[in-house]
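All remarks here apply to the structure that follows.
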Amino acid sequence: SLSTPDRLFKIVFVGNSAVGKTSFLRRFCDDRFSPGMTATVGIDYRVKMVHVGDSQVALQLWDTAGQERYRCITQQFFRKADGVIVMYDLTAKQSFLSVRQWLSTVEEAVGDRIPVLLLGNKIDNEKEREVPRGLGEQLAKENNLIFYECSAYSGHNTKESLLHL
Ligand code: GDP
Ligand code: MG
């Protein structure tokens, strides 16, 4: 991890509070899930080195430190972003209904010049699903987004989705 990366990508993470953004980053960076983790405070971003083909790539992953509760994520947060992740919780319909607003926020900030990954998290909890997979797929298709369902809890599709982005 001390070697110099060939590329650095800044990825920013948005979505309603409690959809699992911080848990996803923890799973991706540390391969761990910590239940009952308290709301994000203080930590702004983490860097994770990954191999993509023959390249050593540094992913600078920006988490929202609680501001998403107030929907007041600033333009500054999106500055120089190379990619955006919009996450909802597939066991919470309201978080999916908010995705359109998040997409507007993203578009205002970055236009349509960078790729966006739509993630439906908590697929491990299938029995409490409130958002059918087809709805996520359809929204992604309409808006030209990459789409995955994933689980920070089990690790399902965490690496795959981020590497795709
Ligand atoms: P954030 O506010 O978007 O950063 O969400 P957190 O990462 O703090 O997670 C909110 C709650 O959802 C916590 O209680 C987590 O333990 C739980 N959670 C996060 N990801 C998953 C998941 O993939 N599956 C399940 N079952 N629970 C999850
Ligand atoms: Mg958080």
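The values are calculated or read from the model by the stated rules, or taken from the named source; none is laboratory data. This is a predicted model, so every value here is computed, not measured. Reconstructed Cβ throughout: ideal geometry from the backbone, glycine too, with neighbour counts over all protein chains shown. When the accessible area is computed, the model is the full protein with side chains, heavy atoms only, and any ligands, DNA or RNA have been set aside. Shrake-Rupley method; radii C 1.70, N 1.55, O 1.52, S 1.80 Å.
Determine whether residue 105 is assigned to a helix (DSSP H, G or I), surrounded by fewer than 22 Cβ atoms within 10 Å (Cβ to Cβ), over 12 Å from the mean Cα position of the chain (by Cα) and among the β-branched types (Val, Ile, Thr).
Taking the combined requirement at face value, the residue satisfies it.
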query: residue 80: in contact (Cβ under 8 Å) with a residue 40 or more places away in the chain, surrounded by fewer than 19 Cβ atoms within 10 Å (Cβ to Cβ) and farther than 16 Å from residue 146 by Cβ, yes or no?
result: yes
statement: Of (1) part of a loop (DSSP other than H, G, I, E, B); (2) touching a Ser or Thr at 6+ places or on another chain (Cβ under 6 Å), residue 17 satisfies every one except (2)
query: If you check every pair at least six apart or on different chains, which have Cβ atoms under 7 Å apart with a residue in region 86-98 that is free of Cβ contacts under 8 Å to residues at least 60 places away in the same chain first and a residue that is part of a strand (DSSP E or B) and buried (at least 24 other Cβ atoms within 10 Å of the Cβ) second?
result: 90/120; 90/121; 96/88
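Quick check on my filter: what residues within region 110-164 are of a type in the set (Lys, Arg) and under 22 Å from residue 34 (Cβ atoms)? Can you show your working first?
Looking only at region 110-164, we keep the residues that are of a type in the set (Lys, Arg), and these are 113, 122, 127, 129, 133, 141, 159.
Once the filter is applied, which keeps residues that are of a type in the set (Lys, Arg) and under 22 Å from residue 34 (Cβ atoms), region 110-164 yields 122, 159.
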task: Could you look through region 113-140, keep only residues that are in contact (Cβ under 8 Å) with a residue 40 or more places away in the chain and part of a loop (DSSP other than H, G, I, E, B), and pick out the one that is most open to solvent (accessible area, probe 1.4 Å)?
output: 130
statement: Taking region 83-101 and keeping residues open to solvent by less than 20 Å² (accessible area, probe 1.4 Å), under 17 Å from residue 123 (Cα atoms) and in a helix (DSSP H, G or I) leaves 95
- line: Residue pairs within 6 Å by beta carbon, gap of at least six or interchain, first lying in region 8-23 and on the phi < 0 side of the Ramachandran plot and touching a residue at least 24 places away in the same chain (Cβ under 8 Å), second within 10 Å of ligand 2 (Cβ to nearest atom) and open to solvent by 30 Å² or more (accessible area, probe 1.4 Å), listed first then second, are 17/69
